[in-house]
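Chemist: Before I ask anything, here is the structure I am working with.
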Amino acid sequence: MEQFEPDRLSAAQLAAMRRSITGGRGALTRRSLLRASGVGALTLGGLASLSACGIPPAKRAGEASAASEDRSDQEKEIDFSNWTEYMDTSEDEKTHPTLDEFTQRTGIKVKYAEDINDNVEFFGKVRPQLAAGQGTGRDLIVVTDWLAARIIRLGWAQKLDPSHLPHAYANLIPQFRNPDWDPGRAYSYPWTGIDTVIAYNAKATDGKKVDSVTQLLDDPSLKGRVGFLTEMRDSVGMTLLDQGKDPANFTTADFDSAIGRLQKGVDTQQIRRFTGNDYTADLDKGDLAACLAWAGDVIQLQAGNPDIKYAIPAPGYITSSDNLLVPAHARHKANAEKLIDFYYEPPIAAQLAAFISYVCPVEGVKEDLAKIDPALADNPLIIPDKAMAAKAHAFRSLSSEEETAYEEKFAKLIGA
């Protein structure tokens, strides 16, 4: 395991972060990409500052230094930071019903803030405190898997107490149980999953089903009307799968082969462009006939356009997760663990899933979700059935050197 992070982010990594913030996963409002117009972005100056400061070359903090005196017994409260529109709300949008229920049941007040607009910006906000061995003022945060991996690797997350998480331990679906960056979920639990699938506009394809990356890259009827994503792990990961490679266990040669395959699609003008979340409008209008897409996005598009379809390629699809972590020196760790466990009770998980429309990581939630909305309960993009879950693949963790090299190659491919 690495003992410390690199001092600087490469130009390609910074470019990838800019893409993610302005149009990729970093720009998701999480509930509806179609409403993602006012999401805060880290300025170029802020990114330059993060590049210059990097992550301090301090040794990984041990569990003892990451922990602090837990005041949960004396202070019945939790400070919880989350993304915008990533929590169920009442019709008047003034309260959060599940958080209110948690407080009524436990007496623990949740100070809830939607102050995470993107992973990079948030990390830049809390990094100085964590690096200095200080608390962030937060007991629970939600970050995407690559940032969760980095925080854990640096020793800036507290190890969770399994005895406080009986529902989470029992009900976490197998798909998310053992990420390579947190085996057995010692430090994290998923808040929700994010799946990458193929979406197509049936009107634009004249009714033809599009269900493989090979078809995206080779079908002459789709030429010039195909979109891939500016998120490297999604586009390369889906291409690796199409080439018979495992995104969880691939070599640099495999990566280069996938880049070459995509480059051919660029050179022949089969690929119209690489997009962030702006593909939604093009797909809806039919300017893009087919593309890689995020599952939560597809659900929102289908609500207004019956021509929007999706397919899971035979080799599988790429999945990732946004994750709950207790940061180092949090004041109310036990209270935070109670809240994590609360959201792994199926009736509570169903309420959350019905609102945010992303992959629910909780086993046994279908019956409760059906009481709220039968269509959502039957949607495998929210409740994966066994066949779909079996096709889920995670993109493996990258070393600092790999991430720099791979992002440079991908940036050259997409002209970034």
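The values are calculated or read from the model by the stated rules, or taken from the named source; none is laboratory data. Note that the coordinates shown come from a computational prediction; the quantities given were computed from them, not determined experimentally. Here the Cβ positions follow ideal geometry from the backbone for every residue, glycine too, while neighbour counts run over all protein chains shown. When the accessible area is computed, the model is the full protein with side chains, heavy atoms only, and any ligands, DNA or RNA have been set aside. Shrake-Rupley method; radii C 1.70, N 1.55, O 1.52, S 1.80 Å.
Chemist: Select from region 188-212 the residues that are farther than 16 Å from A295 by Cα and either open to solvent by less than 30 Å² (accessible area, probe 1.4 Å) or assigned to a strand (DSSP E or B) (or both) and list them in ascending order.
Modeler: Those that are farther than 16 Å from A295 by Cα and either open to solvent by less than 30 Å² (accessible area, probe 1.4 Å) or assigned to a strand (DSSP E or B) (or both): S188, Y189, P190, A202, A204, T205.
Chemist: Looking only at region 153-171, how many residues end up being open to solvent by 10 Å² or more (accessible area, probe 1.4 Å) and part of a helix (DSSP H, G or I)?
Modeler: Within region 153-171, residues that are open to solvent by 10 Å² or more (accessible area, probe 1.4 Å) and part of a helix (DSSP H, G or I) number 9.
Chemist: State all residues of region 124-150 that are within 19 Å of D79 (Cα to Cα), assigned to a helix (DSSP H, G or I) and among the aliphatic types (A, V, I, L, M); if no residue qualifies, say none.
Modeler: Those that are within 19 Å of D79 (Cα to Cα), assigned to a helix (DSSP H, G or I) and among the aliphatic types (A, V, I, L, M): V126, L130, A148.
Chemist: From (1) within 29 Å of V365 (Cβ to Cβ); (2) at pLDDT 95 or above, pick out the condition that doesn't hold for A204.
Modeler: Exception for A204: condition (1).
Chemist: Could you check how many residues of region 70-104 are within 27 Å of A328 (Cα to Cα), without any contact (Cβ under 8 Å) to a residue 12 or more places away in the chain and open to solvent by 50 Å² or more (accessible area, probe 1.4 Å)?
Modeler: Total meeting the criteria: 2.
Chemist: Does region 342-358 contain any residue that is open to solvent by 10 Å² or more (accessible area, probe 1.4 Å), of a type in the set (A, V, I, L, M, F, W, C), free of Cβ contacts under 8 Å to residues at least 60 places away in the same chain and under 26 Å from S90 (Cβ atoms)?
Modeler: There is no residue in region 342-358 that is open to solvent by 10 Å² or more (accessible area, probe 1.4 Å), of a type in the set (A, V, I, L, M, F, W, C), free of Cβ contacts under 8 Å to residues at least 60 places away in the same chain and under 26 Å from S90 (Cβ atoms).
Chemist: Moving on. Suppose we keep only residues that are assigned to a loop (DSSP other than H, G, I, E, B) and not small (G, A, S) within region 359-370. Which one would you say is surrounded by the fewest Cβ atoms within 10 Å (Cβ to Cβ)?
Modeler: E363
Chemist: Anything in region 325-341 that is closer than 27 Å to E93 by Cβ and open to solvent by 10 Å² or more (accessible area, probe 1.4 Å)? List them, or say none.
Modeler: K338, D341
Chemist: Sticking with this one: Given the structure, is G227 assigned by the TED database to the domain that holds V210 and under 26 Å from A377 (Cα atoms)?
Modeler: Answer is no for this residue.
Chemist: Under the condition of being loosely packed, with under 14 Cβ neighbours inside 10 Å and under 20 Å from T230 (Cβ atoms), which residue from region 385-416 is modelled with the highest pLDDT?
Modeler: K412
Chemist: Which one is nearest to the chain's Cα centre (by Cα) among residues in region 172-184 that are crowded, with 20+ Cβ neighbours inside 10 Å and outside any loop (DSSP other than H, G, I, E, B)?
Modeler: Taking the candidates together, the pick is F176.
Rundown of residues vs (1) surrounded by fewer than 24 Cβ atoms within 10 Å (Cβ to Cβ); (2) modelled with pLDDT under 95; (3) not small (G, A, S); (4) not in a loop (DSSP other than H, G, I, E, B), yes/no style:
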| site | (1), (2), (3), (4) |
| --- | --- |
| G224 | yes, no, no, no |
| G237 | no, no, no, yes |
| I259 | yes, no, yes, yes |
| K264 | yes, no, yes, yes |
| Q269 | yes, no, yes, no |
| L283 | no, no, yes, yes |
| P306 | yes, no, yes, no |
| P313 | yes, no, yes, no |
| N323 | no, no, yes, yes |
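Chemist: Outside any helix (DSSP H, G or I) and either under 30 Å from D206 (Cβ atoms) or in the same structural domain as L216 (by the TED database) (or both): is that true of D246 in this structure?
Modeler: So D246 fits the description; yes.
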